[in-house]
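Reviewing the structure listed below.
Read the figures in this text as sums done on the coordinates, not as results from a lab. In this text the structure is predicted, and so the values were computed from the model without any measurement. Positions of Cβ are generated from backbone atoms using ideal geometry, with glycine treated the same way; all protein chains shown enter the neighbour counts.
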Amino acid sequence: MSPDVIAAVMMSVVAAATPLLLAALGELVTEKAGVLNLGVEGMMLIGAVAGFGAAMVSGSWIVGVIAAALAGMAMALVFAVLALTLLANQVATGLALTILGVGLSALIGRPFIGVPLPRLPQLYVPGLTDLPIVGRLIFGQDFLVYLSIALVVGIWWFLERSRAGLVLRAVGESHDSAHAIGYPVIAIRYLATLFGGACCGLGGAYLSLAVTPMWAENMVAGRGWIALALVVFATWKPLRTLAGAYLFGGLAFGQLFLQGLGFSVPSQFLSMLPYVATIVVLTLISRDATRIRLNTPACLGKSYHPDH
Amino acid sequence: MFKSTIKAAAVAVAAAMIAAAAPASAADKLKVGFVYVGPIGDLGYSYQHDVGRLALQKALSDKVETTYVENVPEGADAERVIAQLAQSGHGLIFTTSFGFMNPTLKVAQRFPKVKFEHATGYKRANNVATYSARFHEGRTVIGAIAGKMTKSGKIGYIASFPIPEVVSGINAFTLALKKVRPDAEVRVVWVNSWYDPGKEAAAAKALIDQGADVLSQHTDSPAPIQAAEERGIYAFGQSSDMSKFGPKAHLTSIVDIWDGYYINRAQAVLDGKWKSEDTWGGLDSGMVVLSPYNPGMPKDVAAMADQIKNDLIAHKITSFDGPFNDRSGKQVIPAGQHLSDEKILTMNYFVEGVVGDLPK
Amino acid sequence: MPLDLRLEARPQASTAWRYLAPLLAIAVTLCAGAALFAILGYPPAHSLKVFFIDPISSVEGLAELALKATPLMLCAVGLSIGFRANVWNIGAEGQFVIGALAGGGLCLALQGDGGGWWLMPAMALAGMAGGMAWAAIPAFLRTRFNANEILVSLMLTYVAVLLLQYLVHGPWKDPAGFNFPQSEMFVESGLLPILIEGTRLNLGTLIALAILGLAWAVLTRGLFGFQVRVIGQAPLAAAYAGFDQKRMIWASLLLSGALAGLAGTFEVAGPVGQLTPAIPQNYGFTAIIVAFLGRLHPLGILLGSLVIALSYLGGESAQIMLRLPVAVAGVFQGMLLFFLLACDVLIRYRVRIGHSVRRAA
């Protein structure tokens, strides 16, 4: 394969992986604080429609990106009120959020159907971007791609090296002990949930502003569920989330590529590749039981109330 | 922004409600129901059916009242929706996806007085007619255009599911392509969905990465057109005119026009002349048309395309004139003959020039 | 002094609120729904009637409600057992599909000579076996390799759907079907018998109700039920008592897989009558909501599945009778769920309106 083709393929893999990565990172932070928000798909859709709509109306992609993050946060806020303040069951609430997100995004998005927009502008550094293979890959991406990588590093640093991150992890591990020490458990969980919502919104916006700059009902098409699975796959570690998103995105794109080459394996089996690969890799890395148990936030999904 | 959208929607809906409750007594008007498998916002297949519905509404507004249900899954729910339409006084019901076939027939048995029309199906009854368009004729025209516009000789085809309509489309396209450019090949990628912009775009990019410089699609979103525009190649749209998603890339689209058919059939019910039959309209019927060519298309290519189109309309040629072989080299039909409708409907092979096999 | 709204845990779950909470939720949803319809320009009272009353105002309507609720019930009761024991089977949808393939496949293989009275029971068993086999994979990977069952079961759902696509587009395609992706229709003896003439209500619903009753008995009386509850709430105590966590994982996954597979077989042997690509209807995921709405209890699950089923029927009805866009129906459904979930808090907590006291520095 020529260097151009290799470069093009890698760019496509980045496009496939980035929405997954953004959403998964957000959900990772949320879950690290002990909150299980299954509404990722709904938040991504709201982010996609809000981001597109705002960009369309304002003419500025920056406005679109900000709107997407805020919209995702708004949805997460609804979840937070129900699950953290009113102590509703987190699993059911998250699923209800997804149902709401699908319907609401379709409703809001009606006026945006059939409208094309220019995609998010990509970086151009004279000299660097023109390098073969790695030029566009490293120096020719758009803002959200760079943000996703920055988030990997930033969240890693936050969780592992900062005091605030330690507090968040404590809240996720044992909310009663955290409360006893004096940390505001509910407030921290709210912040983590809102952050997760913002990231999911951005993940959705990446689809509607960069990958396919348009709005189409249900365009997230199940990527939210993949993102959820990736958090588990990554054992709640940001660097592994990066690996998982690119593994999955790469295979999802790769199987389409293989089809084009004329592989005589039925397309449905090729399509199974990313899912099966994820299971296999997870099984391999989970064999060390102690490592897994140390990573799952112990209070994940459990409602917290000071009287208990 | 949200508020004004809601307000606008409210006004529109209120107006529609008032219009629907219009003077002529409900008993006089024929109620026509439409069942869509996807959202009308797909700007593709279901959208075009709805355009047809609106045309019917407009043309016969004093005699006809239409209802539609969208996003109806093709499983057990479909029968209930169709039955509810029949029960609530609809005299003519269009079920617009092949997966509605058995549900339509089951309901038709229970409601012998209601007329049903099933799109892209093959089972009929006294009160069930079938209709479809010869989309493959459109594919013949664009296949020829592709042959002229490709430099690399590699055409990328983004396909949904290996159902007969898609397969015959690919074959018609390839046959026409190779008449113009004998060494060309068609690479097919199956996205296993009718409508998934992200996946369609990825499939398009994969094909472009492999050297395709013209794309054709049998999926419903404009994503492949966008991908083509971004990479500076050409593409053909599907179901509706997708040119605004790729002003330079979009050569033409195969557009489904159901307006005339819907008006005719409703009128037939009103006149008491409706009977069950099978309609398979080609370019000659106006049920399938090609959207205006890209102004950048070379004049001789446009002229060739129009010639082919006219020949098809006049039945001088068909999409499947012999001789041609399937991928294994076996001759499908000899020179001087062409495939019968039945053979086209049951096509389960690829012709020479297509890379890759059909799942068996 | 600022007003302080606080939730104070009740010493004991309030029995009164257990029944009042859902009623309150429905009342709030009706108000909010009325407001939503009014804002969008639809007559509020009429719209609510179309949504909730019309679908069940006839025998056929009630039969459809039961038909729609049956797969939800079956999947949910299986899932609830696992959820109580902290085993998260998110892949019931995949087990549903594999069950449909197993039961339907058996029918296709054996229906050559018209079958017989034995065909339907055999299909049901095959469906359960299929669902169990698919659920055995996450069970095995979890107990042997610690692989999280959420991810494995979810990924396997996609694999199952793709397998269905492959089979109906390929080897199992009806040769007389004009190359449409569909299997042959099942023979009469491979279809569930209809209970009420003129409706689609079939034997599957009765069997589902029987299973619910059985689940109730097992959960409240048997040792197994006790083990489930203890493992879920106090894993260490359970370990001391000798309740085997691994066995519980296997048991709950196999059980929920079997019931989801049975639901899948009922779907294809009931209203559909063949294998088509449209078998997956998200029942496996919706059942998760039903399970929690029903507070993981069989009776609650029964009611929850009926409510959810009604909201689907209402959405269809509203599209036809009101010309309501399907998206609004989706929003309404989400709202209903939110209020149901929110009002549940009143069972376990009391709302205290008090004045906040300044803490000592």
Original post:
So what is the calculated 222 nm ellipticity per residue for chain B, using -39500 (n - 2.57) for each DSSP H run with n of 4 or more, over all residues, to the nearest 500 deg cm²/dmol?
Top reply: -12500 deg cm²/dmol
**OP:** Pairs to check: B:Lys115/B:Lys273; B:Lys123/B:Lys309; B:Lys63/C:Lys49; B:Lys179/B:Lys199; B:Lys29/B:Lys58. Give those whose C-alpha atoms are more than 21 Å from each other in this structure.
**Re:** B:Lys123/B:Lys309; B:Lys63/C:Lys49; B:Lys179/B:Lys199
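Residue by residue through B:98-105, how many Cβ atoms from other chains fall within 10 Å of the Cβ on average? Walk me through the numbers before you get to the answer.
Working: counts 4, 6, 1, 5, 6, 3, 0, 0.
Across the residues of B:98-105, the mean count of other-chain Cβ atoms within 10 Å is 3.
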Original post:
Can you give the relative contact order of segment A:1-108 as a percent, counting alpha carbon pairs under 8 Å and 6+ residues apart?
Top reply: 31
**OP:** May I ask you to work out the translational diffusion coefficient for chain B at 37 °C, viscosity 0.692 mPa s, via Stokes-Einstein with Rh from the Kirkwood sum over Cα pairs, reported in whole µm²/s?
**Re:** 153
Subject >> Rg over Rh, two decimals, chain A (C-alpha only, Kirkwood Rh) >> reply: 0.99
Original post:
How do C:Val272, C:Val351 rank when sorted from fewest to most other Cβ atoms within 10 Å of their own Cβ?
Top reply: C:Val351, C:Val272
Original post:
Tell me, C:Leu67, C:Leu40 in order of fewest to most beta-carbon neighbours within 10 Å?
Top reply: C:Leu40, C:Leu67
**OP:** Report the charge-dipole magnitude of the protein assembly as shown in Debye, nearest 20, computed about the Cα centre from +1 at each Lys and Arg Cβ and -1 at each Asp and Glu Cβ.
**Re:** 2300
Original post:
With each pseudo-label sitting 7 Å past Cα toward Cβ, what's the B:Asp306-A:Leu70 distance in nm, one decimal?
Top reply: 5.2
Original post:
Over all residues in C:289-302, what is the mean tally of Cβ atoms on other chains that come within 10 Å of each residue's Cβ?
Top reply: 2
**OP:** Starting from the Cα gyration tensor of segment A:197-302, multiply each eigenvalue by 5, take the square root, and state the resulting semi-axes largest first in whole Å.
**Re:** 27, 22, 10
Subject >> Cβ crowding within 10 Å averaged over residues, with A:109-120, C:72-83, A:48-59 ranked highest first >> reply: C:72-83, A:48-59, A:109-120
**OP:** Indicate the gyration tensor shape class of chain C (rounded, prolate or oblate), computed on the Cα atoms with a ≥ b ≥ c the square roots of the eigenvalues: a/c under 1.5 is rounded; otherwise a/b larger than b/c is prolate and the rest oblate.
**Re:** oblate
**OP:** Working from Cα positions, state the angle (0 to 90°, nearest 10) between the long axis of helix C:245-267 and the longest principal axis of chain C.
**Re:** 60
Subject >> Anisotropy class of segment C:1-109 from Cα gyration tensor, a/c 1.5 cut >> reply: oblate
Subject >> For B:66-75, mean number of other protein chain Cβ atoms within 10 Å >> reply: 6
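Exposure proxy check: A:Met219, A:Met11 ranked by fewest other beta carbons within 10 Å?
Least crowded to most crowded, the residues run A:Met11, A:Met219.
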Subject >> For segment A:1-127, convex hull of alpha carbons as volume per residue, Å³ >> reply: 150
**OP:** Take every Cα-Cα pair in the protein assembly as shown and report what % of them are more than 55 Å apart.
**Re:** 12
Original post:
Tell me, in nm to one decimal, what length is gained between C:Ile196 and C:Ala210 on full extension, where the rule is 0.36 nm per residue of separation less the Cα-Cα distance?
Top reply: 3.2 nm
Subject >> Rough spin-label spacing in nm, given labels placed 7 Å along Cα→Cβ, for A:Leu239 and C:Asp113 >> reply: 6.6
**OP:** Could you please tell me the mean projected area of the C-alpha convex hull for segment B:155-219, averaged over all directions and given in square nanometres to one decimal?
**Re:** 4.0
Original post:
Where Rh is the Kirkwood radius over the Cα pairs of segment C:249-361, the temperature 4 °C and the viscosity 1.567 mPa s, what D in µm²/s does Stokes-Einstein return?
Top reply: 75
Subject >> Loop sites in segment B:131-240: trypsin sites (Lys or Arg not before Pro), DSSP, at most 11 other Cβ within 10 Å >> reply: B:Lys151
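Answer rounded, prolate or oblate for segment B:64-113, using the Cα gyration tensor with square roots of eigenvalues a ≥ b ≥ c: rounded when a/c is under 1.5, else prolate when a/b is larger than b/c, else oblate.
On the way: a/c = 1.77, a/b = 1.20, b/c = 1.48.
Oblate.
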Original post:
Which FRET efficiency value, to the nearest 0.05, is calculated for C:His46 and C:Phe224 with the Förster distance at 41 angstrom and r the Cβ-Cβ distance?
Top reply: 0.25
Original post:
Once the Cα atoms of helix B:2-20 and of chain B are each reduced to a long axis, what angle between those two axes, in degrees from 0 to 90 to the nearest 10, is obtained?
Top reply: 60
**OP:** Would you mind pulling out the separation of the Cα centroids of segment B:321-341 and segment C:43-69, in Å?
**Re:** 55
**OP:** Determine the distance separating the Cα centre of segment B:62-88 from the Cα centre of segment C:270-322; give it in Å without decimals.
**Re:** 19
Subject >> Quarter of the Cα convex hull surface for segment C:118-242, i.e. its orientation-mean projected area (nm²) >> reply: 11.8
Subject >> FRET efficiency estimate (nearest 0.05) - Cβ-Cβ, C:Leu62 to C:Ala16, R0 30 angstrom >> reply: 0.50
Original post:
With each pseudo-label sitting 7 Å past Cα toward Cβ, what's the A:Val5-B:Asn264 distance in nm, one decimal?
Top reply: 4.8
Original post:
By how many nm would the segment from B:Asp28 to B:Glu230 grow when fully extended, if each residue of separation counts as 0.36 nm and the alpha-carbon distance is taken off?
Top reply: 67.4 nm
**OP:** Give me the angle, in degrees from 0 to 90, between the Cα long axis of helix A:267-286 and the longest principal axis of the Cα atoms of chain A, rounded to the nearest 10.
**Re:** 40
Subject >> Antiparallel bridge percentage (DSSP; both residues within the protein assembly as shown; nearest 5) >> reply: 30
**OP:** For segment A:98-239, evaluate the Debye formula with one uniform point scatterer on each Cα (no solvent term) and list log10 I(q)/I(0) at q = 0.09, 0.11, 0.21, 0.22 Å⁻¹, rounded to two decimals.
**Re:** -0.41, -0.60, -1.30, -1.34
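Calculated FRET efficiency, B:Asp278 and B:Lys113, Cβ-Cβ r, R0 22 Å, to nearest 0.05? Walk me through the intermediate numbers first.
Working: r = 21 Å, r/R0 = 0.97.
Between B:Asp278 and B:Lys113 the formula returns 0.55.
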